Amino acid sequence: MDSQKEALQRIISTLANKNDEIQNFIDTLNHTLKGVQENSSNILSELDEEFDSLYSILDDMKESMINSIKQEQVRKSQELQSQLSQCNNALENSEELLEFATRSLDIKEPEEFSKAARQIKDRVTMASAFRLCLKPKVSDNMTHLMVDFSQERQMLQTLKFLPVPKAPEIDPVECLVADNSVTVAWRMPEEDNKIDHFIMEYRKTNFDGLPRVKDERCWEMIDNIKGTEYTLSGLKFDSKYMNFRVRACNKAVAGDYSEAVTLETKALNFSLDNSSSHLNLKVEDSCVEWDPTGGKGQESKVKGKENKGSGTPSPKRTSVGSRPPAVRGSRDRFTGESYTVLGDTAIESGQHYWEVKAQKDCKSYSVGVAYKTLGKFDQLGKTNTSWCIHVNSWLQNTFAAKHNNKVKALDVPVPEKIGVFCDFDGGQLSFYDAHSKQLLYSFKTKFTQPVLPGFMVWCGGLSLSTGMQVPSAVRTLQKTENGMTGSTSSLNNVTQ
């Protein structure tokens, strides 16, 4: 009976997975069908625009050529009309002189004849008829303005659809995920000199493997990429993976997308645990601010609720580095002078990094980690279950590392933003200037329990940046630092 149930459960599980695959494929088909309809409409619209543009160019060229022919006609007509006018005037003067010469032949008196002959000779010498060019200045030939459209006609007759570029191939080996940036590299399966640019699309996902259509985020697009690689920088890695795909485009058409590639974008994401924070702290996900009046009206209500049960339960928290996640027990709110709030995600293994920025007017704050057993009256750094660096600008300025109620003054400027590196397995907690990556201080220890990011703030506020990879510069510094003596031992000889 039990074996049959197990076999049936396996069959049910197989069928459920197959149904999920088929449903996912149906979603893909529907998505593709919708894309075919939309893209067909777009292509028809673009084709109309291209032909309208071609017609417009031909109309403009025809108008320009007509104007050129008309201008040439006017120029030649003016030249010939001018030459014709000059010839008519010369002919008229020549005919008048011929008539005068003919009459002069009838003169009998020698003296008068000689006088007339001299006049005729002088007038002939000056006559315009003998200075005329009896050749047209321009020809009537207009063939130099004729256009041979045979080549263009042949080109238009051979007009066809531009070949669609082949799908690029993303090379996962050449892709790089580092410093909250992703560099994606691809290549064409064969050389194509008509490619003008590439389009890359990406989206975040928590699913490994091929992208799913259903319940996925929309693709985000980067257009007009001229090279065969692109780097997305300044990302927050708030999902486990990212999908990438690329398509090639020529002047008129875009090709098919490449096979989507999934890259892991592992990073620590956590929020602040409002349920256990001090009542004088106002907490919103990744920000915490001091509120001196925040707890007065609520304190009695909270105490009343606490007296009815075993304590105010915390919301479910996740753990980093293990499966299944460790279960955290409920805890009371921090109280008294422990103006503390913890992160809602426990670190149980691996290397993790986050950054903290204080408001400019913040009087006092601490940044570090603590075991979840930190007492509700305990302050960060004053117990053997917490490690932190502390900044104080009230009355006097101090910057120090704290653990087990021991203090080590730090002779470095307080940075604008502090980077926190936690290597759980290596037993190391380091603090950095988040901008310059200068090492501020390192604790060397052996974590015996899961740790939670911890924060104390008084008169001011802090904001967190999570979803961050361990920066390359920090990894490099850690390799160097691991060869040095740990810093916790120096706190053992210093009292507060």
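Some notes on this structure:
- Lone qualifier among Val147, Val138 - being modelled with pLDDT of 85 or more and in contact with an Asp or Glu (Cβ under 6 Å, 6 or more places away or on another chain): Val138
- When each of Leu47, Leu97 is tested for being under 28 Å from Val147 (Cβ atoms), among the hydrophobic types (A, V, I, L, M, F, W, C) and surrounded by 11 or more Cβ atoms within 10 Å (Cβ to Cβ), the lone residue that passes is Leu47.
- Residue match in region 440-459 (condition: under 37 Å from the mean Cα position of the chain (by Cα) and surrounded by fewer than 17 Cβ atoms within 10 Å (Cβ to Cβ)): no
- Residue in region 56-85 that is farthest from the chain's Cα centre (by Cα), counting only those that are open to solvent by 90 Å² or more (accessible area, probe 1.4 Å), of a type in the set (S, T, N, Q) and within 16 Å of Thr143 (Cα to Cα): Gln73
- Test: residue in region 184-202 that is open to solvent by 40 Å² or more (accessible area, probe 1.4 Å), in contact (Cβ under 8 Å) with a residue 60 or more places away in the chain and of a type in the set (Asp, Glu): no
- Among the residues of region 432-465, those that are under 23 Å from Tyr339 (Cα atoms) and in contact with a Pro (Cβ under 9 Å, 6 or more places away or on another chain) comprise Cys459, Leu464.
- Among residues of region 259-298 being hydrophobic (A, V, I, L, M, F, W, C) and part of a loop (DSSP other than H, G, I, E, B), the one that is nearest to Asn206 (Cα to Cα) is Ala267.
- Residue list for region 123-140, filter: of a type outside the set (D, E, K, R) and farther than 12 Å from Glu79 by Cα: Val124, Thr125, Met126, Ala127, Ser128, Ala129, Phe130, Leu132, Cys133, Leu134
- Residues (open to solvent by 10 Å² or more (accessible area, probe 1.4 Å) and within 24 Å of the chain's Cα centre (by Cα)) located in region 259-287: Glu259, Ala260, Val261, Thr262, Leu263, Glu264, Lys266, Ala267, Asn269
- Selection count where residues are of a type in the set (Gly, Ala, Ser) and open to solvent by 20 Å² or more (accessible area, probe 1.4 Å), scope region 424-439: 2
- Test: residue in region 216-237 that is closer than 30 Å to Leu342 by Cα, at pLDDT 90 or above, in a strand (DSSP E or B) and not hydrophobic (A, V, I, L, M, F, W, C): no
- The listed residue being acidic (Asp, Glu) and either under 23 Å from Lys236 (Cα atoms) or open to solvent by less than 20 Å² (accessible area, probe 1.4 Å) (or both), out of Glu152, Glu169, Glu174: Glu174
- Residue in region 390-405 that is of a type in the set (Gly, Ala, Ser), open to solvent by less than 60 Å² (accessible area, probe 1.4 Å) and not in a strand (DSSP E or B) present: yes
- The single condition among (1) closer than 15 Å to Glu220 by Cα; (2) open to solvent by 10 Å² or more (accessible area, probe 1.4 Å) that Lys240 does not satisfy is (1).
- Matching residues, region 118-147, being without any contact (Cβ under 8 Å) to a residue 60 or more places away in the chain, open to solvent by 80 Å² or more (accessible area, probe 1.4 Å) and either of a type in the set (Lys, Arg) or not in a helix (DSSP H, G or I) (or both): Arg118, Lys121, Arg123, Arg131, Cys133, Leu134, Lys135, Pro136, Lys137, Met146
The values are calculated or read from the model by the stated rules, or taken from the named source; none is laboratory data. Keep in mind the model is a prediction, meaning the values are calculated, not measured. Neighbour counts run over all protein chains shown; Cβ positions are idealised from the backbone, glycine included. Accessible surface areas use protein heavy atoms only, side chains included; no ligands, DNA or RNA. Shrake-Rupley method; radii C 1.70, N 1.55, O 1.52, S 1.80 Å.
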